[in-house]
1. Looking at (1) within 8 Å of chain A (Cβ to nearest Cβ); (2) surrounded by fewer than 20 Cβ atoms within 10 Å (Cβ to Cβ); (3) touching a residue at least 60 places away in the same chain (Cβ under 8 Å), which is the one condition that is false for B:Glu81?
2. Would you be able to say whether some residue in region A:181-189 is outside the structural domain of A:Phe97 (by TED's automatic domain parsing), among the aromatic types (Phe, Trp, Tyr), more than 10 Å from the ligand (Cβ to nearest atom) and surrounded by fewer than 22 Cβ atoms within 10 Å (Cβ to Cβ)?
3. Residues that are at pLDDT below 95 and farther than 21 Å from B:Ser124 by Cβ: does region A:103-114 have at least one?
4. Here's a check for you: in region A:54-76, which residue that is more than 9 Å from the ligand (Cβ to nearest atom) and crowded, with 21+ Cβ neighbours inside 10 Å is nearest to the chain's Cα centre (by Cα)?
5. Looking only at residues that are in a loop (DSSP other than H, G, I, E, B) and of a type in the set (Gly, Ala, Ser) in region B:85-131, which one is surrounded by the most Cβ atoms within 10 Å (Cβ to Cβ)?
6. What number of residues within region B:89-121 are at pLDDT 95 or above and either more than 16 Å from the chain's Cα centre (by Cα) or not acidic (Asp, Glu) (or both)?
7. For region A:216-242, give me each residue that is part of a loop (DSSP other than H, G, I, E, B), in contact (Cβ under 8 Å) with a residue 40 or more places away in the chain and either surrounded by 11 or more Cβ atoms within 10 Å (Cβ to Cβ) or not assigned by TED's automatic domain parsing to the domain that holds A:Asn165 (or both).
8. Can you pull out the helices (runs of 4 or more DSSP H) entirely within region A:131-179 that have at least 2 residues that are in contact (Cβ under 8 Å) with a residue 60 or more places away in the chain?
Amino acid sequence: MQPLRTNLESRNAIADYIQTEFPFLENTGCLSPHVGGRKAGLERLQHFPLEKYARQRNFLDGAVSQLSPYLSRGCITLEEVRQWALQHQASHSVEKFVSELAWRAFFHLVYQDEGDRILQDLEPPKVPMRQHQTTLPDDIDRGETGIPSMDTFIRMLKETGYLHNHARMYLASYIVHFRQVHWRTGADWMYALLIDGDLASNHLSWQWVASTFSHKPYIFNRENLERYAGSVLPGDPRKDDPFNYSYEELADRLFGNDYTPASSRASGNYR
Amino acid sequence: MTALIWFNEDGLNPAHPMVQDYPTAPRIYIFDRPYLQQWQISKHRIQFIYESLLEIADIQIYQGNTVPLLRQLLEQHQATEIVTTETPNHIIKAWQHDLQSYANLVAYPEVYPVNDHSSPRRFSRYWHQHDRAWLTP
Ligand SMILES: Cc1cc2nc3c(=O)[nH]c(=O)nc-3n(C[C@H](O)[C@H](O)[C@H](O)COP(=O)(O)OP(=O)(O)OC[C@H]3O[C@@H](n4cnc5c(N)ncnc54)[C@H](O)[C@@H]3O)c2cc1C
């Protein structure tokens, strides 16, 4: 029973050491920009421009806290972040941000109640889902789907261990509804890759996208993707674009006649 | 009673009250190999955890199977108590459950502004009920 080394001086030294101690790990070949530890978490909190949050949070280049690695790994606590936010003058941003923190608590509450049942459908799906495959297609895992926007999200996820909330939603929706992969398969895959991987927030969000923990499936179209993520995406070919439809057309293509979507569908917001 | 502080991956906080409450207890973290392999946990997550652990003074980091390893450590330190943090994670909860056969387990709960036991199934309902509490310092 030999303890592991604690006198490693640099992030590169830690990375090399981890690779020798855990040889089964796939070598990422790069360091994540998210440095572990409470100190780094508190620093990030101090630099987070909370006042911009409500207006920008849905945009991939907008102001979000990127605190999830620190919150999920417990380096900083939900309660201290909430108290920090409430020191600011009341505003829509403060309220919005605190309500997002509450999402985390809500998911934990459900997990506390349900235990490992959250790994299965919590409700019947609202759209046909019996044909969905339970292995992840290789092109998704490798980030070689041929759709540059989705490949960009997959690359970001693998290179950094983090993704913006809206990118997680797009990617989950693409995998479950456009590619017909079972949500659990996608959820396990993303959980493994995220530094903030948390079975409650992750698997319940996938169920929310799939419609087994919500009233309807989450889908997006080209217009929505361009509006919120356009600035960070390389641009997709317009020929055979799977996303370039109205929501009514998309629902018809993806779910057939069994499903009528609500007419308005907002971005990035859970209901 | 001699105690061990056992950190889990959802509670890597060097400033946690349990560290102050048990200032002389050995501090332990275990990378559970079967869990890492079964769930194919990525290198970035492991590196983040490692970096977080290095901020905890005198941390002892091990890898292996959590429960048998902790049993060995209990014996080695002649300890009868394990101090840790609560998490909803069912895998960690199962380890905590098993360890209760071998030691007195003290688990510090996570602090929330409200404790709801009504099992709300939609966030809108939860928020509607509790927004005031959440928005009050
Ligand atoms: C498919 C999918 C998978 C997800 N997997 C995880 C996961 O494994 N771990 C995880 O922590 N979050 C997960 N989320 C929730 C959310 O995407 C991240 O918490 C958020 O993107 C983290 O970025 P941030 O810290 O900048 O968030 P901010 O917008 O700055 O929010 C602050 C904090 O509030 C909490 N929060 C915000 N939005 C959510 C949300 N929708 N659900 C739960 N908590 C939220 C997080 O702790 C976050 O750090 C997932 C969402 C989706 C759609």
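The values are calculated or read from the model by the stated rules, or taken from the named source; none is laboratory data. Owing to the predicted nature of the structure, the values given are computational and were not obtained by experimental measurement. Here the Cβ is made from the backbone with ideal geometry for all residues, glycine too, and neighbour counts use every protein chain on show.
1. (1)
2. Yes: region A:181-189 contains one or more residues that are outside the structural domain of A:Phe97 (by TED's automatic domain parsing), among the aromatic types (Phe, Trp, Tyr), more than 10 Å from the ligand (Cβ to nearest atom) and surrounded by fewer than 22 Cβ atoms within 10 Å (Cβ to Cβ).
3. Within region A:103-114, none of the residues are at pLDDT below 95 and farther than 21 Å from B:Ser124 by Cβ.
4. Applying the filter and picking the extreme gives A:Leu60.
5. Out of the qualifying residues, it is B:Ala103.
6. Of the residues in that region, 20 qualify.
7. Hits for region A:216-242 are A:Lys216, A:Pro217, A:Tyr218, A:Ile219, A:Phe220, A:Leu233, A:Asp236, A:Pro242.
8. A:148-160, A:165-173
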